[in-house]
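Any read-out appearing in this document is the output of simple, stated calculations on the displayed coordinates, not a laboratory observation. Bear in mind the structure is a predicted one, so any value in this text is a computation, not a measurement. We place every Cβ from the backbone using ideal geometry, glycine too, and count neighbours over all the protein chains shown.
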Amino acid sequence: MTKSIARFEAEPASGMVPSNFTASDAFTTSESLETNHFYHATEDESVLAGVWECSPCKEVFESYPVNEMMTVVSGVVRVQNDENGEVEVFRAGDSFFIAKGARCTWEITETLRKFYFISN
């Protein structure tokens, strides 16, 4: 659902739906659950906002595909800046940004639920 003004809820009233943003071979446990709820999406999907949940996984990005601001609702994600090796760990309540084109390694170590705002 797309709204001009949207309240973000960690548990959307209309529910979450399966999504496939993560490659199937990226999952690091027997669980491979990934769900999403769009609160806002432009017609061309150049701007997206919503809540996303994903089982533990690890992905290497030679060039992060979008500008993305996130707030962790639950779980843990470890992000390594592959330019300088710096590692940040984000948990519930933490907000962070990854710039389009960033070289990074993204590793969810505990099932992650996050709010996100994406701009292409």
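Computed on the Cα atoms alone, the convex hull of the range 1-67 gives a volume of 107 cubic angstrom per residue. Residue exposure proxy: LEU48, LEU112, LEU33, ordered by other Cβ atoms within 10 angstrom of their Cβ from fewest to most, comes out as LEU33, LEU48, LEU112. A DSSP coil position with no more than 14 other Cβ atoms inside 10 Å describes the following trypsin sites (Lys or Arg not before Pro) in the range 79-113: LYS100, ARG103.
Comparing VAL17, VAL73, VAL47 in a Gaussian network model of the chain, where Cα atoms under 10 Å apart are tied by springs, the biggest mean-square fluctuation is seen for VAL17.
Restricting the calculation to Cα atoms, the chain yields a radius of gyration followed by a Dmax of 13.9, 42 Å. Residues CYS54, CYS104, ranked from the fewest to the most other C-beta atoms within 10 Å, line up as CYS104, CYS54. Note: relative contact order over the range 27-119, using C-alpha pairs below 8 Å and six or more positions apart, is 37 percent. Of the trypsin sites (Lys or Arg not before Pro) in the range 1-86, the ones in a loop by DSSP (not H, G, I, E or B) with at most 14 other beta carbons within 10 Å are LYS3, ARG7. Only the Cβ atoms of Lys and Arg (+1) and of Asp and Glu (-1) were treated as charged; on that basis the dipole of the range 34-83 about its Cα centre amounts to roughly 300 debye. The separation of the range 1-49 from the range 95-120, counted between C-alpha centres, amounts to 13 Å.
Annotation note: GluC sites (Glu not before Pro) in the range 84-120 located in DSSP loop regions with a Cβ neighbour count of at most 12 within 10 Å are GLU86.
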